[in-house]
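The values are calculated or read from the model by the stated rules, or taken from the named source; none is laboratory data. Please read these numbers as outputs of a predicted model, since none were measured by experiment. Every residue, glycine as well, gets a Cβ built from its backbone with ideal geometry; the counts of neighbours run over all protein chains shown.
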Amino acid sequence: MIGKTSKKLAVIMLTIFMFSIIAGCGTKTADKSDQKTSGKIPVGINVELSGGAATYGTDARDGALLAIEQINAAGGILGQQLDPIVRDCKSAADEATTISAALVGEKIVAQIGPLTSGDVAGSTPIMMQNKIPLIAPAATAVNVTVDDKTKAVRDYIFRVCFIDPFQGTLMAQFAANDLKAKTAVIYKDSSTDYAKGLAEYFRKTFEAKGGTIVAEEGFVKDDRDFKAVLTKIKTKNADFIYVPGYYPEVAPLIKQARDLGITVPIGGSDGWVSDDMVKVAGAANLNNTFLTSDFSAEDQDAKVVKFVGDFKAKYNKVPNSFNALGYDAVQLLAQAIKDAGEANPEKVKDALAKIKDFVGVTGKMSIDANHNPIKAGIIIEYKDGKQIMKTRVQP
């Protein structure tokens, strides 16, 4: 979900240091004899359980652990039980690097997570050099699976979520086609490449459909007072406001917009997904707001209905998209291990790249040449504090 970050020197130096410690671990990871002896398949879950992205990582972990529990209860995979090794990367790329290095020492077959694109970037050098596949539940930046400079596909990095160009385009199409918006304002989180990328694709698509962007404004992480900019936006009388960003900033922004009498539809991205949206913004203020998502708990597909029931039984709450994406990441890994015929990281990587028509709770998906899932997207509408499935859009 969350966009790319520039690599810091500290991360690079830490990565080099860790490799000096774990040299040779890549080949040991693929040693299936230890796994057969133990009867377990170690799976790393490297997610954000604290820090700014804690709700995303915690939700994905819960979904992943439910999937593992169900797979093991049904007999496991190839007669072996999945053994989750859960670690907290603390919403920091350098910590994600350290955790991945430690998980390599645990002889994991694959890693689930992290959630944000920046934290996945922290894990990527470790996973690539040790030849262990990583499945990102929600990292939406294009460069997660494809190198920006060389355009080479990162062989061991996969994801189950859609990418930023798709969701930015999806919201622009919805605003123009369904809401009949002719003018729009973009008010983005200018401190993240995630939101800036979404804004770019929204602009391109909205303008291509004949719409006009009448203003573009920005806020930054940890901002909480948006009244001055919103007052200026109100004078533009736009038909639609697009706010790509994360819930800690977006929730108070929407509340303040409604307090100022801005009643037009407001749209956003998967970064909005959090129970805190309703707590902070208020249920009534969220009416007439929309976001792009991979999942809706209201979907009446039989697989989704069962997942929602199972999740509620275990956690006593309705699952959100990050719960579902964590669940699908594990299920996709399970399918790849079955297809590979053994819990060997190299063979699992090859199997992941070949997956076609995998049916998950976030929809049917096939992995494309860039290790992205080809899958549908969903527009979610807030109504009286509840997320309602508005429409599904096929790629």
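Laid out as a table, the results:
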quantity	calculated
Only listed residue being over 22 Å from the mean Cα position of the chain (by Cα), more than 17 Å from residue 248 (Cα to Cα) and without any contact (Cβ under 8 Å) to a residue 60 or more places away in the chain, chosen from 285, 316	316
Criterion (assigned to a loop (DSSP other than H, G, I, E, B) and either modelled with pLDDT of 95 or more or under 16 Å from residue 388 (Cα atoms) (or both)) met by exactly one of 258, 224	224
Matching residues in segment 255-286 - criterion: being among the aliphatic types (A, V, I, L, M) and over 21 Å from residue 199 (Cα atoms)	260, 278, 280, 281, 283, 284
Pairs where the first residue, in segment 67-84, is closer than 18 Å to residue 328 by Cα and assigned by TED's automatic domain parsing to the domain that holds residue 39 and the second is in a helix (DSSP H, G or I) and among the β-branched types (Val, Ile, Thr), C-beta under 7 Å, 6+ apart	67/330; 68/330; 77/71; 77/337; 82/68; 82/71; 84/68
Filter result for the condition that a residue is on the phi > 0 side of the Ramachandran plot, surrounded by fewer than 16 Cβ atoms within 10 Å (Cβ to Cβ) and among the charged types (D, E, K, R), over 357, 368, 350, 339	357
Residue identified as in the same structural domain as residue 343 (by TED's automatic domain parsing), acidic (Asp, Glu) and free of Cβ contacts under 8 Å to residues at least 24 places away in the same chain among 147, 119	147
Matching residues in segment 193-224 - criterion: being over 22 Å from residue 139 (Cα atoms), of a type in the set (A, V, I, L, M) and surrounded by fewer than 14 Cβ atoms within 10 Å (Cβ to Cβ)	208
Only listed residue being modelled with pLDDT of 95 or more, in contact with a Pro (Cβ under 9 Å, 6 or more places away or on another chain), over 18 Å from residue 192 (Cα atoms) and part of a loop (DSSP other than H, G, I, E, B), chosen from 99, 108	108
Any chance residue 196 is in contact (Cβ under 8 Å) with a residue 40 or more places away in the chain and under 23 Å from the mean Cα position of the chain (by Cα)	yes
Top-ranked residue of segment 178-217 - restricted to ones that are among the acidic types (Asp, Glu) and in contact with a strand residue (DSSP E or B) (Cβ under 9 Å, 6 or more places away or on another chain), ranked as nearest to residue 292 (Cα to Cα)	178
Out of 386, 312, sole residue that is among the basic types (Lys, Arg) and at pLDDT below 95	386
Residue count for segment 343-385, restricted to those that are free of Cβ contacts under 8 Å to residues at least 24 places away in the same chain and in a strand (DSSP E or B)	3
Qualifying residue in segment 113-124 (condition: at pLDDT 95 or above, closer than 17 Å to residue 334 by Cα and of a type in the set (A, V, I, L, M, F, W, C))	no
Residue list for segment 272-326, restricted to those being among the hydrophobic types (A, V, I, L, M, F, W, C), surrounded by fewer than 14 Cβ atoms within 10 Å (Cβ to Cβ) and under 29 Å from residue 262 (Cβ atoms)	284
